[in-house]
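Note sheet for the following structure.
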Amino acid sequence: MILANDSPQHDALDVTVLVNFVMSDNRLIGSATGHVSDIQAGTQHAMGGELQFPGGAPIARLEVVVTIGRGGPATHDKPGISAVRVMPSIFEPAWCGSIEGEIQNDHPTKTVQSVELSAVVLDAAGNVIGGGSGFGFASLPPAAREFFKIENGMRPIPLSNAASALVSVVPTYKTQ
């Protein structure tokens, strides 16, 4: 899913997301939770993941509950993401195996300590058809970059349906 922080002046901090998987008779067949430490003011955040069900589980819709722990001042420091591509699985080439790309530290003085990564895969019409998540732990001084590969959650997405991906990054900067 894609979360949006519509506030132009406040980051949404300590965000918890509950997703219920609902069958056509309105009973739940599963639930999943996720956490995002910071959704910057005026931005969207891709949130991908997976929950496994028995084959052919009749999921009719999703119920999404978002809880914001607190608001904070708007921050505009975020590493850049580039060269994003959806790659086939090396074991099952008809299915998505990963989302790959590059993270660049665009801040002129801060060093990135780690990043939370979350992504959604989009079809040709721009609909979310799946997604995944991951982390990066390399120390990135200003202007440095690193390769990333998100594999968690990518299995159930047919590669033929994947047109593009949207990746969100939440950095942790080293304290001086």
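Starting from the Cα of I68, step 7 Å toward the Cβ, then list every residue of segment 3-27 with an amide N under 14 Å from that point.
The answer is 3-17.
Once you place label points 7 Å from the Cα toward the Cβ at S89 and F135, how far apart are they in nm?
That separation, rounded to one decimal, is 2.5 nm.
Please give the contour-minus-distance gain from D77 to K174: 0.36 nm per residue of separation, less the Cα-Cα distance, rounded to one decimal in nm. Present the calculation step by step, with values, prior to reporting the outcome.
Numbers: separation 97, 0.36 × 97 = 34.92 nm, distance 1.30 nm.
Answer, rounded to one decimal: 33.6 nm.
Given the Cα-Cα distance of T16 and A144 and 0.36 nm per residue of separation, how much length would full extension add, in nm? It would help to have the intermediate numbers written out before the result.
Numbers: separation 128, 0.36 × 128 = 46.08 nm, distance 3.07 nm.
My answer for the length gained is 43.0 nm.
Mind telling me which of E116, E151, E92 comes out most flexible in a GNM of the chain, alpha-carbon contacts under 10 Å?
E92
Please give me, ordered by residue number, the trypsin sites (Lys or Arg not before Pro) of segment 1-99 that lie in loop per DSSP and have at most 12 other Cβ atoms within 10 Å.
Working: sites: R27, R61, R70, R85; in loops: R27.
Listed in order of number, the matching sites are R27.
In a GNM of the chain with a 10 Å cut-off on Cα contacts, which of L140, L122, L51 has the highest mean-square fluctuation?
In this elastic network of the chain, the residue with the biggest mean-square fluctuation among L140, L122, L51 is L51.
Which label marks the calculated value of Cα extents along the principal axes in Å, given the options (1) 54, 35, 25; (2) 53, 38, 26; (3) 63, 42, 40?
Here the calculated entry is (2).
Considering only protein heavy atoms, with the full assembly of protein chains and a 1.4 angstrom probe, order S89, S31 by accessible area, largest first. Present the calculation step by step, with values, prior to reporting the outcome.
Values: S89 20, S31 60 Å².
Highest to lowest solvent-accessible surface, that is S31, S89.
The values are calculated or read from the model by the stated rules, or taken from the named source; none is laboratory data. Worth saying up front: this structure is predicted, and the values here are computed from it rather than measured. In this analysis, Cβ positions are derived from the backbone assuming ideal geometry, glycine residues included, and neighbour counts consider all displayed protein chains. Side chains are part of the model used for accessible areas, which takes the heavy atoms of the whole protein and leaves out ligands, DNA and RNA. Shrake-Rupley method; radii C 1.70, N 1.55, O 1.52, S 1.80 Å.
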